[in-house]
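Here's the structure we're looking at; comments come further down.
Please treat every number below as a calculation from the coordinates, not as lab data. Source: prediction; values computed, not measured. Positions of Cβ are generated from backbone atoms using ideal geometry, with glycine treated the same way; all protein chains shown enter the neighbour counts.
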Amino acid sequence: MTEGAEGGVLRLAMWSGPRNISTAFMRSWGNREDTVVVDEPFYAHYLRVTGLDHPGRDDIVAHHESDWRRVVDTLLAPLPPGIRIQYQKQMSHHLLPEMGRGWLDAMTHAFLIRDPRSMIASLGTRLGTFDLLATGLPQQVEIFEHVAGRTGRPPPVLDTDELLRRPEVMLRALCAALGVPFSPRMLWWPSGPRGTDGIWARHWYDRVEQSTGFELPAASTESKPLSPHLAAIEAECRPLYERLRQHRLQA
């Protein structure tokens, strides 16, 4: 297993922005028999500190741990018997500036990216108005450069467009990069909700709860022209996306 794995245990922080098929990817890893998944562990802290009015905000803050330090303690706690992989669905924009970064060195890191044009169009249908930081791309680049600087090599980056077109090929490439065996169970999963889903699932996970595998997105609002506000954000996102994309896994 890769650096950050201790005693044969892999604590994998998979950093994504919103609308990057990150929930489907969590389903993929959660279907492995050797893996436990953690759904957006810092979301409640993020909402409490920022005061943002996301769907279900009050329920999220009340139901989930909202102190980032205590969240880190749970991420570092012993895993259940027979579990060798902890998969963390991490939203990079949840890593706020005042949060300590030392705990990052106890994890193995990988990155899930999506072309910003599609991501911004999808996010706009959910949130309406948002800024560059809400895309998570600046924070993804920060974390990527922190990890690359510490380890001396770029951590794995997976482009969702390539994952959706060739799921088995790209999953095998990621598993090889992480030093874990590929499992065919990662390609398919039962539909429906999960007990590991955050309480926000009712607002965000309608489509993934109907899924049983990776699916190419249907042409929809994502193909419509962006508003001037969203087009300006896309222009800011593009060089950040390309900075990460140059290191994407290829197979």
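Couple of notes before you dig in:
- Coordinate range along principal axes, alpha carbons of segment 133-176, Å, largest first: 29, 28, 9
- Ordering of 9-21, 135-147, 171-183, 152-164 by packing is 9-21, 135-147, 152-164, 171-183, highest average first (other Cβ atoms within 10 Å, averaged per residue).
- Among beta bridges that DSSP assigns inside the chain, antiparallel share in %, nearest 5: 10 percent
- Estimated from helices alone, the mean residue ellipticity of the chain at 222 nm is -12000 deg cm²/dmol (sum of -39500 (n - 2.57) over DSSP H runs with n ≥ 4, per residue).
- For S211, distant residues with modelled amide H under 5 Å away: G192
- Overall dimensions of the chain as given by Cα atoms, namely Rg and Dmax in Å: 17.1, 52
- Contour excess over end-to-end distance, with Cα ends at R243 and R70 and 0.36 nm allotted per residue: 59.1 nm
- Per principal axis, descending, Cα span of segment 166-228 in whole Å: 43, 30, 19
- Residues R185 and W103, FRET efficiency given R0 of 45 Å [Cβ-Cβ distance, rounded to 0.05]: 0.95
- Computed extension gain for A77 through A231, at 0.36 nm per residue and net of the alpha carbon distance, reaches 51.2 nm.
- Approximate shape of segment 55-203 as ellipsoid semi-axes (Cα gyration tensor, √5λ), whole Å, largest first: 23, 21, 20
- Taken over the alpha carbons of segment 1-108 as equal point scatterers, the Debye sum produces base-10 log I(q)/I(0) values at 0.09, 0.16, 0.17, 0.21 Å⁻¹ of -0.23, -0.74, -0.84, -1.23.
- Here segment 89-157 is treated as a Stokes sphere of Kirkwood radius computed over C-alpha pairs; at 10 °C and 1.306 mPa s its diffusion coefficient rounds to 120 µm²/s.
- Using 0.36 nm per residue and subtracting the Cα-Cα separation, the extra length available between A176 and H146 on full extension is 8.6 nm.
- Mean sequence separation of contacting Cα pairs (under 8 Å, at least six apart), scaled by the length of segment 1-117, corresponds to a relative contact order of 50 percent.
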